[in-house]
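Enquirer: Sharing a structure here in structure tokens format.
The values are calculated or read from the model by the stated rules, or taken from the named source; none is laboratory data. All of these numbers come straight from a predicted model, not from anything done at the bench. No Cβ is skipped: glycine too gets one built from the backbone with ideal geometry, and neighbour counts run over all protein chains shown. Areas reflect the complete protein model, heavy atoms only, side chains present, ligands, DNA and RNA absent. Shrake-Rupley method; radii C 1.70, N 1.55, O 1.52, S 1.80 Å.
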Amino acid sequence: MLLYDVILQSIHLVVTWGALLVSWMAIFVKPWKLSQKTRPLNLSSIYSDSKLLQKLPIHIGFLFLEDDLSCTDIATLIVWCMSLGISYISLYDRKGILKRNAFLETEIVRKQKELLGKDATRFNIFLHRHFFNREKLVVERNINQIDVQLLSEEDGRQSLVHTARQFSRAVAVKQYKISDISPSTIDTFLLDKSSFPDPDLVLRFGAVDSLLGFLPWQVRLTEILSLPTHRNIDYKSFLRLLQAFGDTKQRFGK
């Protein structure tokens, strides 16, 4: 039985790595459609790149499946997103390391100044360590505001389990009928907890072929792309992922 288990695990490892390799190759062998010129990386050049992409995600999620997280590299990703015009960003690590790390906010400010210079003051980045009131965010939001929510397992699969229990209790006390509960009911309930739209794109960093509990309800129509690591990621690789997303034709089951 032990030998059988080892063989199964080996097959699973080969299949997982094979799938990831195919995914990475599909992204990086595509023709490079953006500017080939070497330019200084600043707000103007990054914003110009955004105009050459087919589409941009409104809400992008970063899923970190690695144990060793680099706040410097994560802060760089956030500043790139901000400069491209992406307004909603979710950072997910299952153990909630980023939620407890005060250094991330410091690194974001430092990277803003380093990459954008005097243009850094044009943007306001807000970090949310929990779900928040939807109406308050809509009222206070402005065009140069970037909202970043820090998520962990309790906000993902566990949150959906908690929602199911709430509906079960509501049915038990006759607050709801079973026939009242539908996908749109759950959508409305979850939107009341967070004003973030469903993510258009999730970038998954790591060698695990899983979402590890990341927002299971909200990613039904999300494009998911993978890279082996977020550490030392360069701007061109990040832009290639956005190009791959822009070239994707979503058929929504048709």
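Enquirer: Given the conditions (1) over 26 Å from residue 194 (Cα atoms); (2) at pLDDT below 90; (3) not hydroxyl-bearing (Ser, Thr, Tyr), which single one is not true for residue 102?
Expert: The one condition residue 102 does not meet is (1).
Enquirer: Right, here's the next one. Looking at (1) modelled with pLDDT of 90 or more; (2) open to solvent by 20 Å² or more (accessible area, probe 1.4 Å); (3) part of a loop (DSSP other than H, G, I, E, B), which one does residue 67 not meet, given that it meets all the others?
Expert: Residue 67 satisfies every listed condition except (1).
Enquirer: Follow-up question, since we're still on this one. Is it the case that segment 84-93 has a residue that's charged (D, E, K, R), closer than 16 Å to residue 204 by Cα, touching a residue at least 12 places away in the same chain (Cβ under 8 Å) and open to solvent by 10 Å² or more (accessible area, probe 1.4 Å)?
Expert: Within segment 84-93, none of the residues are charged (D, E, K, R), closer than 16 Å to residue 204 by Cα, touching a residue at least 12 places away in the same chain (Cβ under 8 Å) and open to solvent by 10 Å² or more (accessible area, probe 1.4 Å).
Enquirer: Restricted to segment 202-213, and to residues that are under 17 Å from residue 77 (Cβ atoms) and open to solvent by less than 20 Å² (accessible area, probe 1.4 Å), which residue is modelled with the lowest pLDDT?
Expert: The extreme case among them is 206.
Enquirer: Next question, about the same structure. Could you tell me how many of the residues in segment 214-229 are in contact with a helix residue (DSSP H, G or I) (Cβ under 6 Å, 6 or more places away or on another chain) and under 13 Å from residue 61 (Cα atoms)? Break it down stepwise before answering.
Expert: Residues of segment 214-229 that are in contact with a helix residue (DSSP H, G or I) (Cβ under 6 Å, 6 or more places away or on another chain), as a first pass: 216-217, 223, 225-226.
Those left that are additionally under 13 Å from residue 61 (Cα atoms): 216, 223, 225-226.
The number of residues fulfilling the criteria is 4.
Enquirer: Of all residues being part of a helix (DSSP H, G or I) and open to solvent by 20 Å² or more (accessible area, probe 1.4 Å) in segment 41-54, which is nearest to residue 127 (Cα to Cα)? Just the residue, please. Please lay out each step first, then the result.
Expert: Residues of segment 41-54 part of a helix (DSSP H, G or I): 43-52.
Still in the list and also open to solvent by 20 Å² or more (accessible area, probe 1.4 Å): 44, 47-48, 51-52.
Details: 44: 25, 47: 23, 48: 26, 51: 27, 52: 29 Å.
Going through the qualifying residues, I end up with 47.
Enquirer: Looking at 216, 197, 228, which is the one that is within 16 Å of the chain's Cα centre (by Cα) and modelled with pLDDT under 75?
Expert: On the way: 197 fails: modelled with pLDDT under 75; 228 fails: modelled with pLDDT under 75.
Only one candidate qualifies: 216.
Enquirer: Considering only segment 55-62, I want to know if a residue exists there that is part of a helix (DSSP H, G or I), more than 19 Å from residue 226 (Cβ to Cβ) and in contact with a helix residue (DSSP H, G or I) (Cβ under 7 Å, 6 or more places away or on another chain). Break it down stepwise before answering.
Expert: Restricting attention to segment 55-62, the residues satisfying the condition of being part of a helix (DSSP H, G or I) are none.
No, segment 55-62 contains no residue that is part of a helix (DSSP H, G or I), more than 19 Å from residue 226 (Cβ to Cβ) and in contact with a helix residue (DSSP H, G or I) (Cβ under 7 Å, 6 or more places away or on another chain).
Enquirer: Does at least one position in segment 136-152 carry a residue that is assigned to a helix (DSSP H, G or I), at pLDDT 75 or above and either open to solvent by less than 50 Å² (accessible area, probe 1.4 Å) or in contact with a strand residue (DSSP E or B) (Cβ under 7 Å, 6 or more places away or on another chain) (or both)? Before the answer, list the steps.
Expert: Residues of segment 136-152 assigned to a helix (DSSP H, G or I): 136-140.
Remaining after also requiring at pLDDT 75 or above: none.
Checked against the condition, which is being assigned to a helix (DSSP H, G or I), at pLDDT 75 or above and either open to solvent by less than 50 Å² (accessible area, probe 1.4 Å) or in contact with a strand residue (DSSP E or B) (Cβ under 7 Å, 6 or more places away or on another chain) (or both), segment 136-152 yields no hits at all.
Enquirer: A further question on this structure: In the list 24, 80, 32, which residue meets the criterion of being surrounded by 12 or more Cβ atoms within 10 Å (Cβ to Cβ), at pLDDT below 60 and of a type in the set (Phe, Trp, Tyr)? Don't jump to the end; show me each part of the working.
Expert: Numbers: 80 fails: at pLDDT below 60; 32 fails: surrounded by 12 or more Cβ atoms within 10 Å (Cβ to Cβ).
Only one candidate passes the filter, namely 24.
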